[in-house]
1. Net charge within 12 Å of Leu213 by Cβ-Cβ distance, Lys/Arg positive one each and Asp/Glu negative one each, not counting Leu213 itself?
2. Taking +1 at the Cβ of each Lys and Arg and -1 at the Cβ of each Asp and Glu, which of Ser153, Met13, Ala121 sits farthest along the dipole of the chain towards its positive end, judged by Cα position relative to the Cα centre?
3. Between exposed GluC sites (Glu not before Pro) in the chain, where DSSP calls loop and at most 16 other Cβ atoms lie within 10 Å, what's the longest gap?
4. Counting only protein heavy atoms, what percent of the accessible surface of the range 118-174 is carbon or sulfur at a 1.4 Å probe?
5. Return the FRET efficiency for the residue pair Gln151, Arg130: r is the Cβ-Cβ distance, R0 is 41 Å, and the value is rounded to the nearest 0.05.
6. What does the extension gain come out to for Arg40 and Gln191, with contour length at 0.36 nm per residue minus their alpha carbon separation?
7. How much net charge surrounds Ile92 when only the other residues with a Cβ under 9 Å from the Cβ of Ile92 are counted, with Lys and Arg +1 and Asp and Glu -1?
8. Rolling a 1.4 Å sphere over the protein heavy atoms, what is the accessible area per residue of the chain, to the nearest Å²?
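The values are calculated or read from the model by the stated rules, or taken from the named source; none is laboratory data. Only a predicted model underlies this, so the values are computations on that prediction, with no experimental measurement involved. All Cβ positions, even for glycine, are placed from backbone atoms using ideal geometry, and neighbour counts span all protein chains on display. Ligands, DNA and RNA are stripped out before the accessible areas are found, and what is left, the full protein with its side chains, is counted by its heavy atoms. Shrake-Rupley method; radii C 1.70, N 1.55, O 1.52, S 1.80 Å.
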Amino acid sequence: MYLQAFYRASSTMSTIAQNLATVTDHINSALEAHRTHDNRARLVAVSKTKPAEDVEAAYAAGHRHFGENYVNELVEKSLQLQHLPDIRWHFIGNLQKKNCSKLTTCRNLAVVETVDSEKVARALNNGWLRNGDTDDELDVFIQVNTSREEQKSGCMPESVVSLARFILDECSGLRLRGVMTIGQFGYDWSQGDNPDFMELLRCRDVLLKDLELEKLEISMGMSEDYAEAIRMGSTNVRVGSKIFGARDYPNKKLEF
């Protein structure tokens, strides 16, 4: 039985490492083909619902940036994996004000990509100043509901400037790093560039101009469209199933 468990673990590690290499190759190919942008794109390996052992396997393969959607799951995994010194956690799920304080207890929390209101920004700022495991500012992205779908989180495009100004002026513990969107699921790329991605790029450009900022990152693109997102200028892609395999949602409502 122990040998079987060992071989299963070894097989899982090998598969995850191979998947990571494949996705990284695709990212590099997309960057190589479209040199008009930064020519850099960060891969966030989305490990939601997956065991800590899978994250450790990806870490052993050289990966460092991981994304989680659920606050409790992220905090638990961060404690289980706190022995990995340079792991960098991204929170990419819907964030409510009541959960901000607990989120900031996450070990090695690097980025929160889903700030979508002043109340969330304020609660996150207060939590980080109180609980953060570093004196540095916490990087945040503003999540924009570019598709204007009621079931999706994110601020409306017309509210991006005011929310960004609030973060810059009122949240000393936060550093505005960029903007993020999920975008329409199942978009038909034969119809042209994804309009949700185009809208996020427009929001970024408005922020740069109106707030006189030098640079902001773009977080868009997931497992099915990360190469296209990079072609359009994404600097941060969130890929899960292509790395860790299909997810299991036992007794849990599906989320992004």
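1. Result for the local shell: +1.
2. Checked the options; the winner is Met13.
3. Numbers: sites that count: Glu149, Glu150, Glu212, Glu214, Glu224, Glu255.
The longest such stretch corresponds to 1-148.
4. Working: 1080 of 2780 Å².
That share works out to 39 percent.
5. On the way: r = 32 Å, r/R0 = 0.79.
The formula returns an efficiency of 0.80 here.
6. On the way: separation 151, 0.36 × 151 = 54.36 nm, distance 2.63 nm.
Gain on stretching Arg40 to Gln191: 51.7 nm.
7. Numbers: positive: Lys48, Arg238; negative: Glu68, Glu113.
Neighbourhood net charge equals 0.
8. Numbers: 12730 Å² over 256 residues.
On a per-residue basis, the chain sits at 50 Å².
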